[in-house]
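See structure below.
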Amino acid sequence: MSPIGYGAFKIGRNVGVKYAASYALPDDVEAERLLNGVLDLGVTYIDTAPAYGLSEERIGRFLSHRRREFVLSTKVGERFESGQSSYDFSANAVRSSVQSSLRRLRTDAVDVVFIHAHARDEAILSGTDAVPALLELRQLGWTRAVGLSAKTLAAARMALEWADVLMVEYHAADRSFEPLLEEARQSDVGIVVKKPLASGLLPAESALRFVLATPAVSSALVSSLSLEHLRENVRAAG
């Protein structure tokens, strides 16, 4: 897993986003060039989700021939249709979601499946079948590792009991998950940082160096539709 990962949100969805500036979705030619360019830059980790619109389908179409070259993660629990998110963390929904993701991604297995949590992430872990369903799919070989894309520190701590990897938001402007990082390292649980640039509000060089200087962090996800921008991020990360 490279220190910089590619968050493949923008290649699939531009509705209901939290970025400051709007953007147009790339066409297929642009998406194919971008995804292959990501790997050519030495970025070996790509993250996607069913809620990211066309993202999974495009990764499958344009990168399946290079599947051995990168670590791939996706998620379960959230769907985004007609401009709205919906959530289902039942065992059947988790299994069906991963089946559909594998088909769209054109792969027999992914490397990580995260629970795509909403704000009440503690309730998801304690009151649904999402965790045992994911553990079963790991045992079946549909995924190599499982984890939580967390919203709260409390849920992330709960997930240390079973997760291989946690995805958390962490940057200089929001250090609320900082107490968790050393706990995760001591528990041999990997940390992937989402929004290390605070959705584009922080300068790349200082923000990425801040995040990646933390021993517990395995990778920081950046999302861009510009290969030159990604090249700058890779360079900034050292």
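The values are calculated or read from the model by the stated rules, or taken from the named source; none is laboratory data. Keep in mind it's a predicted model, so treat the numbers as computed, not measured. Every residue, glycine as well, gets a Cβ built from its backbone with ideal geometry; the counts of neighbours run over all protein chains shown. These accessible areas exclude ligands, DNA and RNA; they are computed on the full protein's heavy atoms, side chains included. Shrake-Rupley method; radii C 1.70, N 1.55, O 1.52, S 1.80 Å.
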Most positive-pole-ward Cα, 142, 171, 100, against dipole of the stretch 79-238 from beta carbon charges: 100
Over the stretch 129-238, relative contact order from alpha-carbon pairs under 8 Å, at least 6 apart, %: 19
Å² of accessible area per residue within the chain, as computed with a 1.4 Å probe and no ligands counted: 46
Percent carbon-and-sulfur accessible area, the stretch 145-238, ignoring ligands, DNA and RNA, probe 1.4 Å: 50
In nm, spacing of pseudo-spin labels at residue 129 and residue 79 (7 Å Cα→C-beta vector): 1.7
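For the stretch 174-212, run through the trypsin sites (Lys or Arg not before Pro) and keep only the ones in DSSP coil with at most 14 other Cβ atoms within 10 Å of their Cβ.
Working: sites: 175, 185, 194, 209; in loops: 175.
Here the trypsin sites (Lys or Arg not before Pro) that fit, given the DSSP loop and packing criteria, are 175.
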Positive-end residue, the chain charge dipole about Cα centroid, Cβ charges, pick of 36, 3, 211: 36
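Of the peptides 35-42, 145-152, how do they stack up when ordered by the mean number of other Cβ atoms within 10 Å, highest first?
Details: 35-42: 16.8, 145-152: 22.6.
Result, highest mean first: 145-152, 35-42.
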Extension reserve of the residue 201-residue 90 stretch, reckoned as 0.36 nm per residue once the Cα distance is removed: 36.4 nm
Relative contact order %, the chain, counting alpha carbon pairs below 8 Å whose residues are six or more apart: 20
Gained length - residue 100 relative to residue 144, 0.36 nm times residue gap less alpha-carbon distance: 14.1 nm
Structure-based [θ]222 nm, the chain - -39500 (n - 2.57) summed over DSSP H runs of at least 4, per residue, nearest 500: -11000 deg cm²/dmol
Spatially proximal aspartates and glutamates relative to residue 195 (Cα-Cα < 15 Å; intrachain offsets below 8 disregarded): 47, 169, 174, 178, 205
Label point distance in nm, residue 120-residue 30, each placed 7 Å from Cα along Cα→Cβ: 3.8
Cα principal axis extents for the chain, largest first, Å: 43, 37, 34
Contour excess over end-to-end distance, with Cα ends at residue 18 and residue 186 and 0.36 nm allotted per residue: 57.2 nm
DSSP-defined antiparallel bridges as percent of all bridges, the chain, nearest 5: 15
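Give me the percent of the accessible area of the stretch 1-142 that comes from carbon and sulfur atoms, probe 1.4 Å, all protein chains in place.
46
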Candidates 138, 120, 58: whichever shows maximal mean-square fluctuation once the chain is modelled as a Gaussian network with Cα springs under 10 Å: 120
The stretch 5-41: trypsin sites (Lys or Arg not before Pro) in DSSP loop, at most 10 other beta carbons within 10 Å: 18
